[in-house]
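Please read the structure below before turning to the comments.
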Amino acid sequence: MAAGRFITFEGGEGSGKSTQARRLAERLREVGIDVLLTREPGGSPFAEQIRGLLLGGTLAPHPPIAEALLFFAARADHLETTIRPALAAGRWVICDRFADSTRAYQGAAGGVPAQSLDMLEQLVIGTSGPDATFILDIDARTGLARATRRREAIEGTEIDPFESRALAFHERLRQGYLAIAAAEPRRCVLVDASSGVEPIAKGIWQTVSQRFAGDIR
Ligand code: Z5A
């Protein structure tokens, strides 16, 4: 049995990556592909526990490297118990955030050196990296405004610790993602996330159906 494909979605707050990850999963299912839609941090029972810790807003102050290690601890379990078994069974895996989020948030924006992240990726991910990554690029202000509007629309939704950081942090984050896209053009597809949901979904589907033409009937 052929192994499945692994596709990740990345971007800053309000970039619309969760919306597009869901849309691609639906589109692939329509053409008969068995898709697992998952997310980080999370995607397995242990990793969801770490998600609760990281996003719960109750952690004592800690350095970005400690945060990176927690994201990688969650990722190790997510890969071991969810992603690798699904790919081995021939399923496609679409993941809302993966290791590029650590590169952008804890690395480019948080200051963890790239060499430390290289070592963690080597140790935890090895050869199990994504076949393709869509990086949804949006101006930091526009993305934050979208995230705020959504939070206000969902009564009782608290701002999470990652959203509350300053605009300058979100601008460094954006530059971090642009650098990842420039460094790995074969894997990464930079998507202008400023237009509507439909045209973005159409562009992503076009790329997927061309890139994986042999797998999609
Ligand atoms: N994090 C980290 O620091 N390091 C790591 O290694 C990992 C993660 C893996 C997880 O938060 C946090 O963890 C995240 C990074 C950090 N920081 N934050 N915040 P999360 O999982 O709770 O949430 P998120 O990943 O940041 O994003 P999200 O809430 O899922 O939002 P989104 O994916 O960017 O967007 P969306 O949900 O698809 O859309 C947001 C709103 O915009 C919504 O109302 C949509 O209807 C609307 N939208 C979507 N697309 C459009 C377009 N095209 N036009 C207009 N409006 C749109």
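The values are calculated or read from the model by the stated rules, or taken from the named source; none is laboratory data. A quick note: this is a predicted structure, and the numbers were derived from the prediction, not measured. Positions of Cβ are generated from backbone atoms using ideal geometry, with glycine treated the same way; all protein chains shown enter the neighbour counts. Heavy atoms of the whole protein, side chains included, go into the accessibility calculation; ligands, DNA and RNA do not. Shrake-Rupley method; radii C 1.70, N 1.55, O 1.52, S 1.80 Å.
List the helices (runs of 4 or more DSSP H) that sit entirely inside the range 8-92 and contain at least 1 residues that are open to solvent by less than 40 Å² (accessible area, probe 1.4 Å) and closer than 26 Å to SER209 by Cα. Give the steps one after another, and end with the answer.
Numbers: elements: 17-30, 45-55, 64-78, 84-88.
By residue number, 17-30, 84-88.
What do you reckon, is ARG174 surrounded by 14 or more Cβ atoms within 10 Å (Cβ to Cβ) and more than 10 Å from the ligand (Cβ to nearest atom)? Even if it seems obvious, please write down each step before you answer.
On the way: surrounded by 14 or more Cβ atoms within 10 Å (Cβ to Cβ): yes; more than 10 Å from the ligand (Cβ to nearest atom): yes.
So ARG174 fits the description; yes.
Within the range 93-116, can you find the residues that are outside any loop (DSSP other than H, G, I, E, B) and either more than 14 Å from GLY129 (Cβ to Cβ) or open to solvent by 20 Å² or more (accessible area, probe 1.4 Å) (or both)? Steps first, please.
We begin by selecting, within the range 93-116, every residue outside any loop (DSSP other than H, G, I, E, B); these are 93-96, 99-109, 114-116.
Scanning the range 93-116 gives ILE94, ASP96, ARG103, ALA104, TYR105, GLN106, GLY107, ALA108, ALA109, ALA114, GLN115, SER116.
Please state which one of THR148, THR157, THR102, THR127 is within 11 Å of the ligand (Cβ to nearest atom) and farther than 18 Å from LEU54 by Cβ.
Values: THR157 fails: farther than 18 Å from LEU54 by Cβ; THR102 fails: farther than 18 Å from LEU54 by Cβ; THR127 fails: within 11 Å of the ligand (Cβ to nearest atom).
Step by step, each of THR148, THR157, THR102, THR127 is checked, and only THR148 is within 11 Å of the ligand (Cβ to nearest atom) and farther than 18 Å from LEU54 by Cβ.
Of everything in the range 177-215, what is exposed (fewer than 15 other Cβ atoms within 10 Å of the Cβ) and touching a Ser or Thr at 6+ places or on another chain (Cβ under 9 Å)? Give them in sequence order.
Within the range 177-215, GLU184, SER194, VAL197 qualify.
Okay, residues lined up against (1) under 30 Å from GLY196 (Cα atoms); (2) touching a residue at least 40 places away in the same chain (Cβ under 8 Å); (3) charged (D, E, K, R):
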| position | (1), (2), (3) |
| --- | --- |
| GLY52 | no, no, no |
| THR58 | no, no, no |
| ARG75 | no, yes, yes |
| TRP92 | yes, yes, no |
| PHE98 | yes, yes, no |
| GLY143 | yes, yes, no |
| ILE154 | yes, no, no |
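Could you list all residues from the range 178-217 that are within 16 Å of ALA21 (Cβ to Cβ) and in contact with a Gly (Cβ under 8 Å, 6 or more places away or on another chain)?
Answer for the range 178-217, where residues must be within 16 Å of ALA21 (Cβ to Cβ) and in contact with a Gly (Cβ under 8 Å, 6 or more places away or on another chain): VAL191, ALA193, VAL197, ILE200.
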